[in-house]
Amino acid sequence: SNKKAISVLCADPGQSKTGLASGPIASYGLLFKIYHWLATPTYVHPEQAVETQLFAACSPDVERRAMSGTYIEGSGKECQMSELAQDKTGKAGKDLLRFGHELFIKFGLDTDKVWEEVGVKPPAAASH
């Protein structure tokens, strides 16, 4: 069979020197400015940070090492996920679906159409 598997990875580039933090730095005040000033020497250049996403998207290692569901950083370094991120009971995933569903309703979106298009069974209504 020539079917290709679809892999899903969480690719964390880490902190990089992109300038995207300039808004939060201006908004959060002196304490954040001090943190940013102290942490900046550990930031990597954007060209290095993007290696994580490129690895996730293009590396044959992803399929060969059966990495789907893995949290990676750097150039494919597998990392341990937090207990919450592992969601062993499925509760966090269900809560996220329910939240999204309620958000769709709040903004007047056709929730039935959205769920149909993504091929997901709508979550049970949240109790209020």
* To do: Arrange the residues 6, 72, 25, 105 by how much accessible surface each exposes, largest first, with a 1.4 angstrom probe.
  => 6, 105, 25, 72
* To do: For the chain, just say rounded, prolate or oblate: build the C-alpha gyration tensor, square-root its eigenvalues into a ≥ b ≥ c, call rounded for a/c under 1.5, and beyond that prolate if a/b exceeds b/c, oblate if not.
  => oblate
* To do: Please name whichever of 107, 68, 49 sits farthest to the positive end of the charge dipole of the chain, dipole taken about the Cα centre and charges placed at Cβ: Lys and Arg +1, Asp and Glu -1.
  => 68
* To do: Mind putting a number on the dipole of the chain about its Cα centre? Charges go on the C-beta only, +1 for Lys and Arg and -1 for Asp and Glu, and I need it in Debye to the nearest 20.
  => 120
* Structure fact -> Within the under-14-Å Cβ sphere about residue 9, not counting residue 9, Lys/Arg +1 and Asp/Glu -1 give a net charge of -3
* **Proximal charge balance of residue 118 [Cβ under 13 Å; K/R count +1, D/E count -1]** => -2
* Return a single number: how many Lys pairs in the chain, at a sequence separation of 8 or more or on separate chains, have alpha-carbon atoms below 26 angstrom apart. => 15
* Asked: Roughly how many Å² is the accessible area per residue of the chain, as a whole number, for a 1.4 Å probe?
  -> 78
* In nm, give the distance between the simple-model label positions of residue 121 and residue 34, each being 7 Å from the Cα along the Cα-to-Cβ direction. => 5.3
* Neighbour net charge for residue 90 - beta-carbon separation under 14 angstrom, K R +1, D E -1 -> +2
* Structure fact -> With every protein chain in place, the accessible area of residue 95 for a 1.4 Å probe, in Å² rounded to the nearest 10, comes to 60
* To do: Just subtract the alpha-carbon distance of residue 22 and residue 65 from 0.36 nm times their residue separation and send over the number in nm, one decimal.
  => 11.7 nm
* To do: Keeping the other protein chains in place, figure out the carbon and sulfur percent of the accessible area of the chain, with a 1.4 Å probe.
  => 61
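The values are calculated or read from the model by the stated rules, or taken from the named source; none is laboratory data. Predicted model, so just to flag it, every value in this text is computed and none were measured. Cβ sites come from the backbone with ideal geometry, for glycine too, and all protein chains shown count toward neighbours. In case anyone asks, the SASA skips ligands and DNA or RNA and just uses the protein heavy atoms, side chains included. Shrake-Rupley method; radii C 1.70, N 1.55, O 1.52, S 1.80 Å.
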